[in-house]
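A short write-up of the structure that comes next.
The values are calculated or read from the model by the stated rules, or taken from the named source; none is laboratory data. Computed from a predicted structure; not experimentally measured. Cβ atoms come from the backbone with ideal geometry, glycine included; neighbour counts cover every protein chain shown.
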Amino acid sequence: MRQKKCLLLLPTRYNDGTDVMPETLRGILVEIDKAFDGHTVDGHVDGTYRMADGTMAQDRSLKVWVLVKSNQIDALKTLARRIAGQLKQETLYFEVTASEVEFLPPLPENGGDV
């Protein structure tokens, strides 16, 4: 079954500059796994964001892919909003890509099921 690839940027620092504890981020990833059967961390990315008060904040975020069925996108958005609150963010970056993803088993001649 084809799935949609969604991208979340999970901040590694709170807006006051304090580091988010690694176990907090691990807990968020476990929550994603339980709800959506897995995730992929694509490393750290750096960026900037204009805060509601007009100041520019620098972010270091964990780039996380989550594959979902089309009818699960709203559930992932809801989880992303909860994560934004947990991490004390004004917003959380959420993207539904144009990609369609499939998990392909090996061909039978390469050890796959017949």
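Points to keep in mind about this one:
- Given (1) at pLDDT 95 or above; (2) in a loop (DSSP other than H, G, I, E, B), number of the condition Thr24 does not satisfy: (2)
- Candidates in region 64-91 are the residues that are surrounded by 12 or more Cβ atoms within 10 Å (Cβ to Cβ) and small (Gly, Ala, Ser); of these, the one that is nearest to Arg13 (Cα to Cα) is Ala84.
- Summed over region 92-104, the residues that are surrounded by 12 or more Cβ atoms within 10 Å (Cβ to Cβ) and either without any contact (Cβ under 8 Å) to a residue 24 or more places away in the chain or within 21 Å of Met56 (Cβ to Cβ) (or both) give a count of 3.
- Restricting region 1-39 to residues that are of a type in the set (Gly, Ala, Ser) and without any contact (Cβ under 8 Å) to a residue 12 or more places away in the chain, the residue that is farthest from Val68 (Cα to Cα): Gly17
- All positions within region 44-62 that are part of a strand (DSSP E or B), free of Cβ contacts under 8 Å to residues at least 24 places away in the same chain and among the charged types (D, E, K, R): Asp46, Arg50
- Filtered residues of region 18-58 (kept if surrounded by 15 or more Cβ atoms within 10 Å (Cβ to Cβ), under 15 Å from Thr91 (Cβ atoms) and of a type outside the set (Gly, Ala, Ser)): Tyr49
- Against the list (1) more than 16 Å from Tyr93 (Cα to Cα); (2) surrounded by 12 or more Cβ atoms within 10 Å (Cβ to Cβ), the condition Asn15 fails is (1).
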